[in-house]
Amino acid sequence: VGIDVSISNPKSKDITVLDNALLSGAVRYPGSGFLDDNSNMFLFGHSSYLPVVYNQNFKAFNNLQKVKRGDIIRVESKDTVNIYRVKSVRLVDADEALVELSNREKKLTLSTCNSFGSPGERYIVEAKFVKSLAL
């Protein structure tokens, strides 16, 4: 769906820190998995369909809702790429958008608001780990 964005790794869960990190792209939620962990890596980013957007990172996760079950997602570092296969795409109320950060299964969860500035709904994409490759 054309999403290609940098991912920040802030150390703090403070809302101001996370909001500032979103200005540079998507964010890995502190406490969620890394590429080499056997846990859930939770990435979130803005989406905006406003006609004029000066900071393109406010469109980082545009089209996330167009991801389909079975699609492949690649998450890369400087030396590794993890491949994930989408197992679900859901639109949920923000109150129901809780993400399990357990270390029971290596997987990926992506999330974005339904529209920029709207706190009511979130798209949640869950993907199962397929394999890791050295770059």
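Look at the dipole of the chain built from charges on Cβ: of Ser6, Ser39, Gly70, the Cα furthest out on the positive end belongs to Gly70.
Normalise the Debye intensity by I(0) for the range 1-63, one equal point scatterer per Cα, no solvent, then take log10 at q = 0.11, 0.17, 0.23, 0.28 Å⁻¹ and round to two decimals. Log10 I(q)/I(0), no solvent term: -0.26, -0.59, -0.95, -1.19. Among the GluC sites (Glu not before Pro) found in the range 14-100, those both in a DSSP coil and sparsely packed, with 13 or fewer other Cβ atoms within 10 Å of their Cβ, are Glu100. Rounded to the nearest percent, how much of the accessible area of the chain (1.4 Å probe, protein heavy atoms only) is carbon and sulfur? Result for the chain: 50 percent of the exposed heavy-atom area is carbon or sulfur.
A Förster radius of 25 Å combined with the Cβ-Cβ distance from Lys128 to Asn9 puts the calculated FRET efficiency at roughly 0.65.
Remark: the chain carries 58 Å² of accessible area per residue (probe radius 1.4 Å; ligands, DNA and RNA excluded). The chymotrypsin sites (Phe, Trp or Tyr not before Pro) of the range 42-135 meeting both criteria, a DSSP state outside H, G, I, E and B (loop) and at most 16 other C-beta atoms within 10 angstrom of the site's C-beta, are Tyr49, Tyr54, Phe116. With a ≥ b ≥ c the root eigenvalues of the C-alpha gyration tensor of the range 51-91, is it rounded (a/c under 1.5), prolate (a/b larger than b/c) or oblate? Judged from the Cα gyration tensor, the range 51-91 comes out oblate (a/c at least 1.5, b/c at or above a/b).
Let me know the whole percent of all Cα-Cα pairs from the chain that are separated by more than 17 Å. Beyond 17 Å sits 58 percent of the P(r) for the chain.
The values are calculated or read from the model by the stated rules, or taken from the named source; none is laboratory data. Treat the numbers as computed from the prediction; the structure is a model and nothing was measured. Ideal geometry is used to build each Cβ from the backbone, glycine not excepted, and the neighbour counts take in all protein chains shown. Keep in mind that these areas ignore ligands, DNA and RNA; they rest on the heavy atoms of the full protein, side chains included. Shrake-Rupley method; radii C 1.70, N 1.55, O 1.52, S 1.80 Å.
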